[in-house]
Amino acid sequence: MKILNITYNKQSGGLEQSFIDYAFSMQQRGHEVHCLTCMNSGFETALKKKINHIHYSKFLRKKFFRFLLLLELKLILKKIQPDMVILHNERNIDIIYKAINGKCPLVAVNHGGKIKKITKFSNHIFTVNRAIAEQIKAHHYKSANITIIGNMLEI
């Protein structure tokens, strides 16, 4: 399965580590994982050590270049042709949803942030704990489409 894993964050913290861990875990299970992130991120070195396919966006972090982001994403999606897209932030989920245009499922990973937009645009939600899953259910999101995946440990 081809998977496109996306985050717009530039710092190096828990969300970014989860981004790398998800990608590495899926890659080790035989999936072709492509990671899309911003240039010069604080976790780029760690990402390069573990992930085979890395792509960089010029517009993921730009609030006023949404149309250019849409075009950029469409080109990336056309090139990769993923079977699934995983997004680790709610920011730009609407643009990513438009770019996908129903060609594959969009999975949102909620690390404790905003819920409203991800329940509107995602086909499935991964969350890091039961409390967040309950908050998502309170937004009338189907329980069957919520999966709790705790933080991963490399052994």
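The values are calculated or read from the model by the stated rules, or taken from the named source; none is laboratory data. Small disclaimer: the values here were computed from a predicted structure and weren't measured. We place every Cβ from the backbone using ideal geometry, glycine too, and count neighbours over all the protein chains shown. The protein model used for the area step is the full one, side chains on, heavy atoms only, and it has no ligands, DNA or RNA in it. Shrake-Rupley method; radii C 1.70, N 1.55, O 1.52, S 1.80 Å.
What are the radius of gyration and Dmax of region 1-79, computed over its Cα atoms and given in Å?
12.4, 38
Hey, which of these cross-link pairs are over 24 Å Cα-Cα: 63/137; 74/137; 62/120; 49/117; 98/142; 48/114?
Correct reply: 63/137; 74/137; 49/117; 48/114.
Given a 10 angstrom Cα cut-off, can you work out which residue in 60, 36, 75 is the most mobile in a GNM of the chain?
Of 60, 36, 75, the Gaussian network model singles out 75 as fluctuating most.
Straight distance only, please: which aspartates and glutamates reach the Cα of residue 50 with their own Cα at less than 20 Å, same-chain residues fewer than 8 apart left out?
16, 21, 32, 154
Less than 15 Å Cβ to Cβ from residue 116, Lys/Arg counted +1 and Asp/Glu -1: what total charge do the surrounding residues give?
In short, +3.
Just how much of residue 142 is accessible, in Å², when a 1.4 Å probe is used and the result is rounded to the nearest 10?
140
Cβ under 13 Å from residue 141's Cβ, residue 141 left aside: what net charge do those residues give with Lys, Arg +1 and Asp, Glu -1?
+4
Compute the accessible area per residue over the chain, keeping the other protein chains in place, probe 1.4 Å, unit Å².
Result: 56 Å² per residue.
May I ask for the distance between the Cα centers of region 122-146 and region 1-68, given as a whole number of Å?
Spelled out, the Cα-based centre of one part sits 23 Å from the other.
At 1.4 Å probe size, put 61, 130 in order of accessible surface, largest to smallest.
I get 130, 61, largest accessible area first.
Do you know the relative contact order of the chain, to the nearest whole percent, from alpha carbon pairs under 8 angstrom that are 6+ apart?
Taking the mean separation of contacting Cα pairs over the length of the chain, I get 19 percent.
Only Cα pairs within less than 10 Å get springs; with that Gaussian network setup on the chain, which residue of 128, 107, 33 has the largest fluctuation?
Comparing 128, 107, 33 in a Gaussian network model of the chain, the most mobile one is 128.
When the dipole is taken about the Cα centre of region 1-107, and only Lys, Arg (+1) and Asp, Glu (-1) are charged at their Cβ, what size is it in debye, to the nearest 20?
Dipole magnitude for region 1-107 comes out near 360 debye.
Looking only at Cα atoms, what is the convex hull volume of the chain per residue, in Å³?
So the per-residue Cα hull volume is 110 Å³.
Can you order the peptides 132-138, 144-150 by their average number of other Cβ atoms within 10 Å per residue, highest first?
Ranked by mean Cβ neighbours within 10 Å, highest first: 132-138, 144-150.
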